[in-house]
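Trainee: Attaching a single structure in C-alpha cells format; questions to follow.
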Amino acid sequence: MELLTDPFGRVHDYMRISVTDRCNLRCIYCMPAEGMQFQPHDEILSYEEIASIVKALAPAGLRKIRLTGGEPLVRRDLERLVEMLAGIPGIEDLSLTTNGLLLPGKAASLKAAGLSRVNISIDSLRQERFAMITRGGEVAKVLKGIEAAQAAGLSPIKLNVVLMKGINDDEIKDFVALTLNNPLNVRFIEYMPIGSATDTWRQTYLPLERVLEACREAGWETEPAHSSAGGGPSQDRRVAGAQGTFGLIHPVSEHFCDNCNRLRLTADGHIKACLYWSDEYNVRPLADDPEAVRALFRKALAGKPHNHEMALALEKKAQSHTPTARRMSQIGG
Ligand code: SAM
Ligand code: SF4
C-alpha cells in the first residue's frame with residue numbers, strides 16, 4: 001500500500017496521539033494559570049476510535065506511536081489503550097510522554113500492557129523553582145516516577161527539559177551531571193511559541209548552544225553519541241565516559257522540518273500534519289472506515305507546509321499560514 005507521503009517526499013511513520021487535554025499541572029509555557037476550557041468527555045476520542053485509526057494507518061506504514069496530552073496518565077485506564085495499540089500488527093514502538101507524577105502507581109502495569117518506553121518532563125531539580133514552573137508541582141514525585149519507570153524496565157528513559165533564559169538555564173550542569181552515572185537521556189528542548197506565544201516567550205527563549213557552552217565551562221569534553229531508540233530530531237552527545245547521554249532539540253533555531261516524519265492526532269480527533277499551523281482535519285466521524293481514514297490523512301499531508309515559521313515569529317514577521325490557536329496541552333507537544 002502507498003505510504004503516508006507529503007508533496008516534499010517526506011514519509012510519515014510516526015504519530016503523536018493526545019489522549020486528553022486535561023492535566024494535573026499548569027506549566028507556565030503550556031497552559032494558563034486558570035480559565036482553561038477543557039473538552040467535554042463526549043468530544044474526546046474513545047480508545048476504540050483511536051485503535052481503529054491506528055489500525056487503518058499501520059498498513060500505510062505507521063510504525064511508531066507516542067501517547068501524550070495534556071497529561072496522558074490522568075485518563076482512566078490508559079493501560080487498556082496501550083494493550084490495544086501494542087497488539088496492532090506493524091506498530092513497532094509505543095511510547096509515552098508524561099510529567100511523571102502518576103508513574104509510581106502505573107509504570108509496572110503500563111509495561112505489562114506493552115508500553116516500550118517513557119519520556120518524563122522535568123524542568124528543574126529544585127523544588128521551589130519546579131513549583132513555580134509547574135504552578136504547584138512537587139519535584140520529588142517526578143523523581144519517584146523516574147525511579148518507578150526504571151524499576152519497571154521502561155527503557156530507555158528520556159527526560160525532557162524545556163530551557164528558559166533566567167528561569168532554569170543555571171541548572172544545565174546539574175541536568176547533564178545526572179547522565180554521568182545513570183543511563184538516562186536528558187533532552188534539552190527550545191521553548192516554542194505555540195498557542196500561548198506571548199512576550200514571555202520572547203523574553204525567555206534561549207538557543208541551545210548555551211548547553212554546550214555550559215559543558216565547556218564545567219570542564220567536560222563531550223562527543224557525539226548514537227541516537228537512542230526513537231531519537232528523532234535530537235542531536236545526542238555524551239560527556240566522555242558518562243553512562244547516559246544528553247540531546248539538543250532545536251525546533252526554533254534549527255529547523256528539522258526537512259526530515260519531518262510526524263503526524264499528530266488531537267484528543268478531539270483532529271489530524272494535525274504540522275504542530276505549528278492551524279490546518280486541521282476532523283477524522284472522528286470516519287474512524288470506523290479505514291479507507292476514509294487513510295484518505296483524510298493523505299489529504300492533510302497533501303497540504304502540509306514545508307516548514308513551521310517559529311523563528312520568524314521571534315522577529316515578528318508575517319507568516320505564510322495561520323499559526324494554531326491551540327495550546328500545547330491540546331496538541332500534545
Ligand atoms: N504532560 C506531559 C508532559 O508534560 O510531559 C505530556 C504533554 S506535554 C504538552 C509534552 C511536552 O511538551 C513536554 O515535554 C513539555 O515540556 C513540552 N512543551 C509544552 N509546551 C512547550 C513549549 N511551549 N515549548 C517547548 N516544549 C513545550
Ligand atoms: Fe501539563 Fe505537560 Fe503541559 Fe505541563 S507540559 S501543563 S505537565 S501538559
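The values are calculated or read from the model by the stated rules, or taken from the named source; none is laboratory data. Since this is a predicted model, take the numbers as computed values, not measurements. Cβ: placed from backbone, ideal geometry, glycine included. Neighbour counts: every protein chain shown. Heavy atoms of the whole protein, side chains included, go into the accessibility calculation; ligands, DNA and RNA do not. Shrake-Rupley method; radii C 1.70, N 1.55, O 1.52, S 1.80 Å.
Trainee: How long are the semi-axes of the equivalent ellipsoid of the chain, taking √(5λ) for every eigenvalue λ of the Cα gyration tensor, in whole Å from largest down?
Mentor: Each semi-axis is the square root of five times an eigenvalue, giving 30, 23, 20 Å.
Trainee: Label the stretch 120-183 by shape, choosing from rounded, prolate and oblate, from the square roots a ≥ b ≥ c of the eigenvalues of the Cα gyration tensor; if a/c is under 1.5 it is rounded, and otherwise prolate applies when a/b is larger than b/c, oblate when it is not.
Mentor: oblate
Trainee: For the stretch 36-155, with every protein chain kept in place, what is the accessible area per residue (1.4 Å probe, Å²)?
Mentor: Per-residue value: 40 Å².
Trainee: With the Cα gyration tensor of the stretch 35-172 giving a ≥ b ≥ c as the square roots of its eigenvalues, does the rule (a/c under 1.5 for rounded; else a/b larger than b/c for prolate; else oblate) give rounded, prolate or oblate? Please report the intermediate quantities before stating the final value.
Mentor: Numbers: a/c = 2.01, a/b = 1.63, b/c = 1.23.
Cα axes put the stretch 35-172 in the prolate bin.
Trainee: Another question about this same structure. Anything over 28 Å Cα to Cα? Flag those among Lys64/Lys106; Lys55/Lys111; Lys141/Lys304; Lys173/Lys272, in the order listed.
Mentor: Lys141/Lys304; Lys173/Lys272
Trainee: Subtracting the Cα-Cα distance from 0.36 nm times the residue separation, let me have the gained length for Arg76 to Gln37 in nm, one decimal. Intermediate results must be reported in sequence, preceding the final value.
Mentor: Values: separation 39, 0.36 × 39 = 14.04 nm, distance 1.95 nm.
This chain segment gains 12.1 nm when fully extended.
Trainee: Please enumerate, by chain and number, the aspartates and glutamates with C-alpha under 15 Å from the C-alpha of Lys165, excluding those fewer than 8 residues away in the same chain.
Mentor: Correct list for Lys165: Asp123, Glu190, Asp199, Glu209, Glu213.
Trainee: Among all cysteines in the chain, which have no other cysteine Cβ under 4.7 Å from their own Cβ?
Mentor: Singleton cysteines: Cys23, Cys215, Cys257, Cys260, Cys274.
Trainee: Arranged from highest to lowest average of other beta-carbon atoms within 10 Å per residue, in what order do the peptides 179-185, 40-46 appear?
Mentor: 179-185, 40-46
Trainee: Can you give the FRET efficiency for Glu2 and Ala108, using 1/(1 + (r/R0)^6), R0 = 35 Å, r = Cβ-Cβ distance, to the nearest 0.05?
Mentor: About 0.30, to the nearest 0.05.
Trainee: If you don't mind, another one. State the antiparallel share, in %, of DSSP beta bridges confined to the chain, rounding to the nearest 5.
Mentor: Taking every DSSP beta bridge with both residues in the chain, the antiparallel ones total about 25 percent.
Trainee: Using the Cα centre as the reference, give the magnitude of the dipole from point charges on the C-beta atoms of the chain (Lys, Arg: +1; Asp, Glu: -1; all else neutral), rounded to the nearest 20 debye.
Mentor: Approximately 160 debye in magnitude.
Trainee: Tell me, what % of the accessible area of the stretch 14-331 is carbon and sulfur with a 1.4 angstrom probe?
Mentor: 50 percent
Trainee: Another question, if that's okay. Please give the calculated 222 nm ellipticity per residue for the chain, where each DSSP H segment of at least 4 residues contributes -39500 (n - 2.57) and the sum is spread over every residue; nearest 500 deg cm²/dmol?
Mentor: Helix contribution divided over all residues of the chain: -8000 deg cm²/dmol.
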